[in-house]
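Report on the structure given below.
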Amino acid sequence: MHRAVISASSLYTAPHTISNAELVAAYNSYVGEFNASNAARIVAGELAALEESSVDFIEKASGITRRYVMDKAGVLDPQRMRPKFAPRANAQLSLQAEMAVAAGGEALAAAGKSAGDVDAVICAASNMQRPYPAMAIEIQRALGIRQGHGFDMNVACSSATFALELAVNAVRCDSARSVLVVNPEICSAHLAWQDRDCHFIFGDVCTAVVVEKRATATSANAWEVLGSKLATSFSNNIRNNAGFLSRCEDRDPADRDQLFVQEGRKVFKEVCPMAAEHITHHLASLGLAPTQVRRFWLHQANLAMNQLIGRRLLGRDATADEAPVILDEFANTASAGSIIAFHRHSTDLAAGDLGVICSFGAGYSIGSLVVRKY
């Protein structure tokens, strides 16, 4: 059995930024037009008037101040309020693959690896651009990886940590020398930008991680994976019903359940205790306690959620150094969030320091990796 390490990570940042002020201006313009055009129905009680959003509301509800997106103009157009992407020919690199190739190439370079060193590519994200062929295979070809295999997987916001366990096990069992895990998240495309309760939540990004044998790692920021743990428990509280059966059910693409929808308060109350308990039990199985962990890289969905999980783990508020936050800048980037936190806040730690990468989301699904600086 080989010892596996995360030898490098990388981050592709979407090209456009939307501030809360810009988002609120666009949303409130949409609200004004909606209420004006439906004034008679609203007065008659047939339709509820929409409430305006505000910067204070967004920041208090989430801790988010801005987000990166692949397309800004379409999102901020009150007549559209969704990204606008040009169709690409089959011979062209797909949009998510393009993001993943950029991030993946950077991660391989940081790990000191070439295409010839990689035996598997896993494309793990909360939404896939198409059912088939797998984008991982497209990414594999674009990066010049001629050997091995690639596949796509989706466990919503836990996709990255679930993929990392598969990568770690492949390396440990010698079925791969190294594995590239990429997480291209275009969350702006499944967000209901016209919904005040969630119009501010998501952003776009792509992360990449290289997992390889400890014996071959040459990176200065390598982390040995001491253990990984996955858990799922079915819940409808976070859901997106869009799929290939939707057109057969004669659904309107504008139906609300064809986009991201959640029961936010229920998710908060149910997931936070689950995540804290999951991490605690995972550490205990390795003979460790939360107080021995130097840094927690948690899923970046909501600031209050991370603060509560930190308190449950440590018995006090976690400091920004112990549990760094990146969602203020990036917003919720689904599976990529905890990896962004790891990428941004891991190089400063010392050899022997312990860390936990943990994601949680729809499913419910929770994935965690306990790592030690090598």
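The values are calculated or read from the model by the stated rules, or taken from the named source; none is laboratory data. This structure is a prediction, so every number in the text was calculated from the model and none was measured. Neighbour counts are summed over all protein chains in view; Cβ atoms, including those assigned to glycine, are modelled from backbone coordinates with ideal geometry.
Just one of (1) among the aromatic types (Phe, Trp, Tyr); (2) in contact with a helix residue (DSSP H, G or I) (Cβ under 7 Å, 6 or more places away or on another chain); (3) part of a helix (DSSP H, G or I) trips up residue 360, so point out which.
Going through the list (1) among the aromatic types (Phe, Trp, Tyr); (2) in contact with a helix residue (DSSP H, G or I) (Cβ under 7 Å, 6 or more places away or on another chain); (3) part of a helix (DSSP H, G or I), residue 360 breaks only (3).
For residue 303, all conditions in the list (1) buried (at least 21 other Cβ atoms within 10 Å of the Cβ); (2) in contact with a Leu (Cβ under 9 Å, 6 or more places away or on another chain); (3) more than 18 Å from residue 229 (Cβ to Cβ); (4) not aromatic (Phe, Trp, Tyr) hold save one; what is the number of the exception?
Going through (1) buried (at least 21 other Cβ atoms within 10 Å of the Cβ); (2) in contact with a Leu (Cβ under 9 Å, 6 or more places away or on another chain); (3) more than 18 Å from residue 229 (Cβ to Cβ); (4) not aromatic (Phe, Trp, Tyr) one by one, residue 303 breaks only (1).
Among the residues that make up the stretch 43-64, is at least one of them on the phi < 0 side of the Ramachandran plot and in contact with a His (Cβ under 6 Å, 6 or more places away or on another chain)?
no
I need the helices (runs of 4 or more DSSP H) fully contained in the stretch 1-103, keeping only those with at least 2 residues that are farther than 30 Å from residue 345 by Cα.
20-37, 39-43, 73-76
So which of 349, 369 is in a loop (DSSP other than H, G, I, E, B), closer than 18 Å to residue 9 by Cα and in contact with a strand residue (DSSP E or B) (Cβ under 6 Å, 6 or more places away or on another chain)?
Exactly one residue qualifies, and that residue is 349.
Would you pick out the residues in the stretch 151-175 that are of a type outside the set (D, E, K, R), surrounded by 24 or more Cβ atoms within 10 Å (Cβ to Cβ) and farther than 14 Å from residue 357 by Cα?
167, 171
Any chance the stretch 307-326 includes a residue that's of a type in the set (S, T, N, Q) and either under 23 Å from residue 99 (Cβ atoms) or in contact (Cβ under 8 Å) with a residue 24 or more places away in the chain (or both)?
No - not one qualifying residue is present in the stretch 307-326.
Among the residues of the stretch 112-162, which ones are β-branched (Val, Ile, Thr) and more than 26 Å from residue 190 (Cα to Cα)?
118, 145 - these are the residues of the stretch 112-162 that are β-branched (Val, Ile, Thr) and more than 26 Å from residue 190 (Cα to Cα).
How do the strands (runs of 3 or more DSSP E) wholly within the stretch 173-245 filter down when requiring 1 or more residues that are hydroxyl-bearing (Ser, Thr, Tyr), out of contact with any helix residue (DSSP H, G or I) (no Cβ under 8 Å at 6 or more places or on another chain) and over 30 Å from residue 50 (Cβ atoms): which remain?
223-232
May I ask you to say which residue of 222, 192 is touching a Ser or Thr at 6+ places or on another chain (Cβ under 6 Å), at pLDDT 95 or above and within 23 Å of residue 326 (Cα to Cα)? Spell out the reasoning first.
On the way: 192 fails: touching a Ser or Thr at 6+ places or on another chain (Cβ under 6 Å).
Of the residues listed, the single one that is touching a Ser or Thr at 6+ places or on another chain (Cβ under 6 Å), at pLDDT 95 or above and within 23 Å of residue 326 (Cα to Cα) is 222.
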